[in-house]
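Take a look at the structure below.
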Amino acid sequence: LSDSIGGSFSTSSHRCHHKQKHCLPIPQCGTLSISPLLFHPHTKGSQIIMDTTQKVVKRQASFCNAITFSNRPIVIYEQIRLKITKKQCCWSGALRLGFTSKDPSRINPDTLPKYACPDLVSQSGFWAKALPEEFANEGNIIAFWVDKKGRVFYRVNDSAAMLFFSGVRTAEPLWALIDVYGLTRGVQLLDSELIPPDCLRPRSFTAIRRPSLRRDTEDTRLSVSLCDLNLQEDAFHVTATTCPIPQNSLNSQHSHLLPSQLESDLRFHHLRGPHVKILDDQTVARLEHAREERTLVFTSRPLRINETIFVKINKSNAVRTGTLSYGVTSCDPSALRPSDLPYNPESLVDRKEFWAICRVVVPLQSGDILGFMVNSDGELHLSHNGAGIGMQVCADCSQPLWMFFVLHGAIMQIRLLGSTILAERLGLSTPGSPTSTPNSPTVLCTGVSGPLLSTCGSGPLCSSISGTAPNSPSSLPESPISPSVSGPWGDECTICYENMVDTVIYSCGHMCLCYSCGLKLKKMSNACCPICRRAIKDIIKTYRST
């Protein structure tokens with residue numbers, strides 16, 4: 001056998017592969033004695049980074065342009081073994097595996113398409129299929145091989161062999177094809193093994209117990225559906241098709257909404273409501289109870305200043321009403337017990353810690369991406385599919401703040417995609433941007449921190465606070481009871497609802513009190529603004545010019 005890059009077997013030598021008993025001694029389910037299988041050093045996608053050993057590759061950005069090949073032809077029944085070293089949860093779809101009869105050394109890397117499926121498999125001499133997403137977890141070892149009949153099998157870790165697809169032409173040399181796609185960010189080639197047929201007891205994928213086919217991460221597509229193949233259950237018969245790949249178009253859309261690099265250390269906290277389930281390495285939250293009673297989930301760590309958190313709506317139900325609720329709190333989830341989580345999350349504002357809860361008012365559907373960012377002024381900004389919606393609520397960012405979400409209504413499942421400090425990538429509004437104005441959509445906001453004369457959650461102001469920038473004294477909240485009579489001076493005090501607003505709170509700049517209530521509020525311990533909950537340093541009486 002020749003293992004030189006671009007080398008090929010002679011016709012007579014390759015025919016011997018189908019008759020191992022005459023030409024190639026088969027070890028007893030052991031390691032190959034031929035040269036190690038490596039990645040081809042030159043023919044690879046534009047996003048692939050390869051180490052010096054040619055055994056480890058990583059996709060540096062995006063979700064595609066990561067097709068790789070083996071450096072030599074494979075042997076019939078040779079198991080190509082891969083370890084998934086990196087997973088990136090913000091994409092759909094996973095590793096694509098297969099074979100090609102085209103010598104990679106004769107393929108111009110610049111002509112490689114973005115996707116193995118359907119781009120390469122639509123060409124003669126290429127066969128590939130998508131690995132089910134639930135098997136694409138970090139640390140999993142995937143082995144795949146082709147038999148003398150052109151059937152491709154695979155196994156995950158120590159599982160039994162499963163039929164992958166068929167129809168591969170084995171009358172000519174074959175190279176392994178590996179597309180590091182979507183969820184799969186990095187893989188490592190392990191030593192290949194030559195397994196004789198009597199060591200394998202393959203079974204149809206359709207013979208797997210049905211509970212193992214349940215999708216915990218993406219219920220919108222059947223896990224065993226192929227990108228370009230249709231598996232028949234009767235006799236291992238696979239027919240090639242030209243169906244489009246939903247993940248490709250979906251990922252293309254998401255690639256414009258997400259930065260090229262996302263931090264993946266953010267997870268959901270182990271504390272959760274009893275009617276929600278945490279899945280996929282604590283990155284997915286799924287509604288588990290039809291009554292939607294206690295479905296709170298928290299981030300595993302506090303937010304960082306100017307950090308944008310990306311959340312994907314994995315599954316929604318348009319028949320149901322309601323939307324996603326979210327908020328921030330100074331309460332460490334580790335200090336809570338499941339019994340502390342109420343049926344009505346808005347009752348959390350009665351606790352001594354700071355809690356602020358809002359609802360997403362824009363319509364949401366499966367595949368939407370939300371961005372949440374708390375800036376240095378304590379403003380929580382929201383974006384929807386890359387469009388900045390504006391400031392939603394203010395918080396005291398001098399203390400650690402955890403984010404939380406409440407699944408109810410149409411929102412059945414969400415995924416934490418990751419985070420980044422590059423908030424401007426999504427066009428998220430900042431205090432000086434046009435989206436950070438009182439024209440931002442009205443949201444349901446509730447916040448409390450310590451005793452107040454009138455809590456935000458106890459009056460009609462709770463459902464009518466606009467996204468007012470704290471450093472814009474001229475941006476005033478609308479009157480919660482009556483419409484303004486003649487501009488901002490027509491607003492009533494948000495505490496007594498009797499006197500006119502004539503006082504500015506320092507240092508947040510909100511103008512929402514009469515001077516009498518301002519004096520009383522300032523004298524209270526832990527005095528804070530009724531709008532944004534920031535500490536009150538002073539109050540300034542204002543006068544109307546006549």
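Brief remarks follow.
- For the range 261-421: rounded, prolate or oblate by the Cα gyration tensor [a/c cutoff 1.5]: rounded
- Relative contact order %, the range 39-196, counting alpha carbon pairs below 8 Å whose residues are six or more apart: 38
- Cα-based reach from residue 277 at 18 Å (exclusive), listing lysines while leaving out same-chain residues under 8 positions away: 312, 315
- Pairwise Cα inverse-distance average, inverted: Kirkwood Rh of the range 279-330 (Å): 13.5
- Förster radius 25 Å - calculated FRET efficiency between residue 52 and residue 169, Cβ distance, rounded to 0.05: 0.15
- Chain lengthening between residue 318 and residue 387 when straightened (0.36 nm per residue, less Cα-Cα): 22.6 nm
- Normalised alpha carbon radius of gyration of the range 489-545 [divisor 2.2 N^0.38 Å]: 1.00
- Between residue 524 and residue 376, the contour length at 0.36 nm per residue exceeds the Cα-Cα span by 50.7 nm.
- Intensity falloff of the range 39-196 expressed as log10 I(q)/I(0), Debye formula with alpha-carbon point scatterers, at q = 0.16 Å⁻¹: -0.81
- Residues of the range 163-192 with an amide N closer than 12 Å to a point placed 7 Å from the Cα of residue 137 along the Cα-to-Cβ direction: none.
- Candidate lysines - alpha carbon under 17 Å from residue 148, same-chain residues fewer than 8 apart omitted: 19, 21
- P(r) tail for the range 108-165: Cα pairs beyond 13 Å make up 68% of the total.
- Extension gain, residue 270-residue 159: 0.36 nm per intervening residue step, less the Cα-Cα distance, totals 37.1 nm.
- Of 116, 145, 135, farthest towards positive along the dipole that unit charges on Lys, Arg, Asp, Glu beta carbons give the range 107-152: 145
- Hits among lysines - C-alpha to C-alpha of residue 520 under 22 Å, sequence gap 8 or more where chains match: 352, 537, 541
- Charging the Cβ of each Asp and Glu at -1 and of each Lys and Arg at +1, and nothing else, the dipole of the range 261-421 about its Cα centre rounds to 480 debye.
- Taken as Cα centroids, the range 105-128 and the range 265-331 sit 39 Å apart, rounded to the nearest whole angstrom.
- Alpha carbon Rg of the range 371-414, scaled by the compact-globule rule 2.2 N^0.38 Å: 1.31
- Here r is the Cβ-Cβ distance between residue 542 and residue 362 and R0 is 35 Å; the resulting FRET efficiency, rounded to 0.05, is 0.50.
- Using a simple spin-label model with pseudo-atoms 7 Å out from Cα toward Cβ, residue 149 and residue 61 lie 4.7 nm apart.
Since every read-out is calculated from the coordinates, none of them should be taken as a lab result. Keep in mind it's a predicted model, so treat the numbers as computed, not measured. We place every Cβ from the backbone using ideal geometry, glycine too, and count neighbours over all the protein chains shown.
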